[in-house]
Structure formats: structure tokens, C-alpha cells
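The values are calculated or read from the model by the stated rules, or taken from the named source; none is laboratory data. Predicted model, so just to flag it, every value in this text is computed and none were measured. Reconstructed Cβ throughout: ideal geometry from the backbone, glycine too, with neighbour counts over all protein chains shown.
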């Protein structure tokens, strides 16, 4: 399969559910990937074979992205009106809003891990300090009690 065929299949499949700008962004990503990998000395056919089936790639993209989460900026609308053939690499023309529960779960787990480590450190410090601090506190308490009764 050629690069052109690969990108066309990817574009056709993505066009079923994503806005045109999002399709161009994903197609541009794979086109740049193929070009840069070929520039490093790999053959185009080998790169495309490593990527796999463009329909499977498109299905994965569609499953992991929310088609309604794409927001267009005025700059993109103007660029699209002026030159519909222009490739969009995703820099400044389109913003993608990520809204996934997976990132919230990861953030929660990271916070939980930080709290666990913090409590472990506090516990370790207390285990070192308490054998010395506890007798001192008892002595101070006894001295205070004696002073009050005088």
C-alpha cells in the first residue's frame, strides 16, 4: 500500500464521524510521521506496514476521541475559507478539548499516591522523634503540674 492510499483510507474512515479540521489534523500527523520516518532511511512500504491497517487506526481514533469536543477558532474558519486545500498541522487553527474520565482517574491516583507517601514520611519522622520527645513532654507536663500545686 502506498502512502497516498493509506492516507486516503484513513481520511475516508475519519470523515464518517469527525469534523473536517479534525480529519485534516490526524491525516497531517500520519503524513508527517511517514515522511519523517522515511527521511531517517526507512522505506515507505515498511513504515506503512508497521503502522498497520488505516481503518483500524481510524477506528481507534474515533473510539478515543469525542467528535463533539472539537472547537473551531476564527483563525481556522478564515484559513478554511481562503484556501480549502491548505494542510492544517494543528498549530493555531484548531483546539481540541480533552474530556476523558481516564485523566481524572489518573489525577486521583496520583493525589492518593502523594498522600500515601506524605503519611509514610510523617510516620517515619514521628518514629524517630517520639522516643526522644515523649519523655521530654512527660517531664514538662510533670513540672507544670508541680508548679500549679505550689
Positions within segment 1-23 being exposed (fewer than 13 other Cβ atoms within 10 Å of the Cβ) and assigned to a helix (DSSP H, G or I), in sequence order
4, 5
Looking at residue 82 and the list (1) more than 30 Å from residue 4 (Cβ to Cβ); (2) modelled with pLDDT under 90, which single condition is not satisfied?
(1)
Only unsatisfied item for residue 95, checking (1) surrounded by 10 or more Cβ atoms within 10 Å (Cβ to Cβ); (2) out of contact with any strand residue (DSSP E or B) (no Cβ under 8 Å at 6 or more places or on another chain); (3) on the phi < 0 side of the Ramachandran plot; (4) modelled with pLDDT under 90, is (2)
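Yes or no, residue by residue, for (1) within 25 Å of the chain's Cα centre (by Cα); (2) part of a helix (DSSP H, G or I); (3) within 15 Å of residue 3 (Cβ to Cβ):
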position: 25; (1), (2), (3): yes, yes, no
position: 34; (1), (2), (3): yes, yes, yes
position: 49; (1), (2), (3): no, yes, yes
position: 55; (1), (2), (3): yes, yes, no
Residues of segment 36-47 that turn out to be loosely packed, with under 15 Cβ neighbours inside 10 Å and either in contact (Cβ under 8 Å) with a residue 12 or more places away in the chain or at positive phi (or both), as a count
2
